[in-house]
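No value in this document is a laboratory result; all are computed from the given coordinates. Just so it is clear, the structure is predicted and the values come from calculations on it, not from any experiment. Methodologically, a virtual Cβ is constructed for each residue, glycine included, from the backbone with ideal geometry; neighbour enumeration extends over all protein chains shown.
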Amino acid sequence: MTKTKITNKNVFAAMERLAPKSLAYDWDNVGLQVGSFSTPVKKIMVTLDVLEEVVDEAIAKNVSLIIAHHPLLFKPVKQLNTDKPHGRVLHKLLQHNITVYAAHTNLDIAEGGVNDVLCEKLKIKNTKVLIKERTETLYKLVVYVPQTHQEELREVLGKAGAGHIGNYSHCTFQTMGEGTFKPLKGTNPYIGSQDKMEFVPEVKIETIVQESLLNKVLAATIATHPYEEVAYDIFRLENEGKKYGLGRVGTLEAELSLQEFSSLVKKQLDIPGVRVTGDLDRPVKKVAVLGGSGEKYIRAARNAGADTFITGDMTFHTAQDAWQTGLAIIDPGHYAEKVMKEAVVQYLENEFRENGIELLASTANTDPFTFI
């Protein structure tokens, strides 16, 4: 069997299914950073940062595409000076035809992204969004289909992502009825003849669709439906859709002391140490997590009922204020976001399992700090 040729564009599309660019903050720079959409892909490397050590590793391992969490191009480039680190990085990437793509705040916010991976590793359950940024709009899709094709269409709708309510999929409602139409000149009807009124036993199928999946579901519907012209209605709903936002808050499987939980964080995130505020003997039950720099969300963690907040880059006075209000802080550093490497590699392996693409996580250490 001939394998489908995969280009950067295909990989970018897969990444945007995981972490839609629409979720990113408007100040962020996500997506293609350097390179081309059309370059064929054979080997992909996932990294937290795009430093020179990472680019050298990519060159040595014959990587053509780097997927990064932290954008390489965050501020406008005013000078490409190859005597300086940033200039050398860009020069090497272009010289060796290596493309760079970044998923940053969109990967922080996305379901299955950085914060969900952190919660999974730390055994934090029953999670909810910590800082809500947006709620996805829901639509009702109503499609009229011949009774002979209703089962096929229902299955296609479900596979495309329609009809998801909580932990249930393929949710639809059917009403039997009779459809009428008269094919006019120039038509090629599936049922009936030109200039003759037709009466067909039909089913009205109603289902719910997330805004992000609406175009995909419509395309699948039209491709499957037997009619030359598909009759359907779309209604915007007031029902509250999925919440998206930064951070997560949830509960531990079993209560631990702050000392025990801090040790678990250190072990599970494979880091040399953590900074902790609070009584080490106090119990930890409800935990807020925000990968990267989260000190400005102290109040959100406290308002969510968390007794402990895990985030990086805490400054002295902010940590002191949290400590005085009774909120314990565990600071594993910004580099704890490296958990995204393994998660993204696994996701892309599942997406391109049949296409012979090699995936690897960068082994370069991009943490600027050393614990002594």
Considering the Cα positions of region 156-301, please state its Rg to one decimal place and its Dmax as a whole number of Å. 26.9, 83
Gly192: net charge of surrounding residues, Cβ under 14 Å, Lys/Arg +1, Asp/Glu -1, itself excluded? -3
Quick one: length gained pulling Glu133 to Lys243 fully straight, 0.36 nm per residue minus the C-alpha distance? 38.8 nm
Once the in-chain neighbours fewer than 8 apart are removed, the lysines whose Cα is under 22 Å from Lys196 read Lys182, Lys185
Can you check how the C-alpha radius of gyration of region 20-127 compares to 2.2 N^0.38 Å, as a plain ratio? 1.17
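For a distance above 19 Å, tell me the whole-number percent of Cα pairs in region 137-236 that qualify.
Percent of Cα pairs beyond 19 Å in region 137-236: 41.
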Taking the radius of gyration and the Kirkwood hydrodynamic radius from Cα positions alone, what is the Rg/Rh ratio for region 239-326, to two decimal places? 0.97
Between Arg353 and Gln147, Cβ-based FRET efficiency (R0 35 Å, step 0.05) works out to 0.40
Can you tell me, using C-alpha contacts under 8 Å and at least 6 residues apart, the relative contact order of the chain as a whole percent? 19
Once phi for every residue in region 163-179 is put through the Karplus expression 6.51 cos²θ - 1.76 cosθ + 1.60 (θ = phi - 60°), the whole-Hz ³J(HN,Hα) values, with Gly and Pro written as x, are x, 9, 10, x, 9, 10, 10, 6, 7, 9, 9, 10, 10, 7, x, 10, x
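How many times 2.2 N^0.38 Å is the alpha carbon radius of gyration of region 278-372?
1.40
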Candidate values [x] 22.8; [y] 24.7; [z] 17.9, label of the one derived for mean projected area of the Cα convex hull in nm²: [y]
